[in-house]
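The values are calculated or read from the model by the stated rules, or taken from the named source; none is laboratory data. Everything quoted here is computed from the prediction, not taken from an experiment. Note that we place each Cβ from the backbone using ideal geometry, even for glycine, and neighbour counts take in every protein chain shown. Areas reflect the complete protein model, heavy atoms only, side chains present, ligands, DNA and RNA absent. Shrake-Rupley method; radii C 1.70, N 1.55, O 1.52, S 1.80 Å.
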Amino acid sequence: MTAVASDAAGKDRGAAAGKPRGQAAQHKFEMNIEETRITLVGQQTFQTFAYAGQVPAPLFHVREGDHVEVVLNNLTTLPHTIHWHGLLQRGSWEMDGVPDMTQLGIQPGDSFTYKFVAEPAGTMWYHCHVNVNEHVATRGMWGPFIIDPVKPAPIERDVTGDYILMFSEWASSWADKLGQGGMPGDVFDYFTINGKSFPETQPIRVKEGDVIRLRMFGAGGGFHSIHIHGHVFQIVFKDGHQLPAPINADTVLVGPGERYDIILRCDNPGRWMIHDHIDSHTMNGHTPHGGVMTLIEYDGIPRDQSYYHWAHKEFVPDFYYEESLRKPHGIHTNPNFKGTPVA
């Protein structure tokens, strides 16, 4: 059976995005969970339990106060749920997605319908809460959930580009052993942004004068110390909530489950690295110069130098959901992240 991720509101999404303040939209989604195989880099594949057959999972993008309904169909061989991480579930605690606490795990072949109000505003995410040590830390069961505020902060109004970066790590010894892994002592030897290791990541393309928002997620079980060259950025939001005052920095430590929104003003044309400063996280197995690495690439800077990695590679748009975030509210799948079904 093929993967499903659909917005039953369909043609109404554009209208929902433009609703007046205080008027909530209604979103009805349906999504399958499938067993798939994804490629992290080169020949290194990994079997996953994947929402809608992709890692990261589809982007949910709604407005503060919207009503959300999600029908989740489990087409895999193990039970799963969705925990809506960061959402408060006021009056809807049974929708929190914790097996044996708020619901039974969704058994293979069964479905469950989640209904809740999207609050608070901010950078949230969702993930399985069954065997999180395996399903989340090493099987890719996670995706972004962005809730736009009814009243954006002044700094948010300056943003010209919005990007999602979800960091995770993988132990290749468990790559083909669904139902196993995520154990103490596991050796993580592959590290990814949005499920891909350098050189399979993509550049972030900007123009001088742009103001970009990078939404960083600790989607796996490890820490990632993210350093950006050539700029001082501002850490503005933590776990979806605005800080009392921005923090100027060039490195931010993102732990498991954490989200940091940083604002970067593009005022220094060039090509500038973004990488994990935990040096072992820039390896692909035993090969250096990989893992959590990408860069900011300004328009107008030549891209044809023979040594430049992306000089002769096709650019893949929407790798950071940057195009999807510009679309009307709803659920957005991404063919870049699709895996191959496991028979």
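Descriptive notes on the structure:
- The set of residues from segment 139-165 being open to solvent by less than 40 Å² (accessible area, probe 1.4 Å) and either under 18 Å from THR45 (Cα atoms) or over 23 Å from the mean Cα position of the chain (by Cα) (or both) comprises ARG139, GLY140, MET141, TRP142.
- Looking only at residues in segment 263-273 that are charged (D, E, K, R) and surrounded by 13 or more Cβ atoms within 10 Å (Cβ to Cβ), the one that is farthest from ILE155 (Cα to Cα) is ARG271.
- Any hit, segment 50-60, residues being of a type in the set (Gly, Ala, Ser), over 16 Å from ILE331 (Cα atoms) and either open to solvent by less than 20 Å² (accessible area, probe 1.4 Å) or at pLDDT 95 or above (or both): no
- Residue tally, condition part of a strand (DSSP E or B) and in contact with a helix residue (DSSP H, G or I) (Cβ under 8 Å, 6 or more places away or on another chain), over segment 261-297: 6
- All of TYR321, TYR260, TYR307 fail the test of being among the aromatic types (Phe, Trp, Tyr), closer than 30 Å to ALA118 by Cβ and open to solvent by 20 Å² or more (accessible area, probe 1.4 Å), apart from TYR260.
- Qualifying strands (runs of 3 or more DSSP E) (wholly inside segment 167-247; at least 2 residues being surrounded by 16 or more Cβ atoms within 10 Å (Cβ to Cβ) and under 15 Å from the mean Cα position of the chain (by Cα)): 190-193, 211-218
- Tally, over segment 54-74, of residues that are out of contact with any His (no Cβ under 8 Å at 6 or more places or on another chain) and not in a strand (DSSP E or B): 5
- Answer residue from segment 317-343, given it is outside any helix (DSSP H, G or I) and among the aliphatic types (A, V, I, L, M) and is modelled with the highest pLDDT among those: ILE331
- Scanning segment 81-118 for residues that are under 15 Å from GLU30 (Cα atoms) and not polar (S, T, N, Q) returns ILE82, ILE106, GLY109, ASP110, PHE112, TYR114, LYS115, PHE116.
- Identity of the residue in segment 274-304, under 16 Å from TYR163 (Cα atoms) and hydrophobic (A, V, I, L, M, F, W, C), that ends up surrounded by the most Cβ atoms within 10 Å (Cβ to Cβ): VAL292
- Residues satisfying the criterion are present in segment 83-99 (criterion: within 18 Å of the chain's Cα centre (by Cα), of a type outside the set (S, T, N, Q) and under 23 Å from THR36 (Cα atoms)).
- For ARG90, the criteria (1) open to solvent by 10 Å² or more (accessible area, probe 1.4 Å); (2) more than 30 Å from VAL150 (Cβ to Cβ) hold in every case but one, which is (2).
- Given (1) of a type in the set (Ser, Thr, Tyr); (2) open to solvent by 50 Å² or more (accessible area, probe 1.4 Å); (3) in a loop (DSSP other than H, G, I, E, B); (4) touching a strand residue (DSSP E or B) at 6+ places or on another chain (Cβ under 6 Å), number of the condition THR77 does not satisfy: (4)
- Of all residues in segment 146-166, those satisfying the criterion of being of a type in the set (Val, Ile, Thr) and in a strand (DSSP E or B) are ILE146, ILE147, ILE164.
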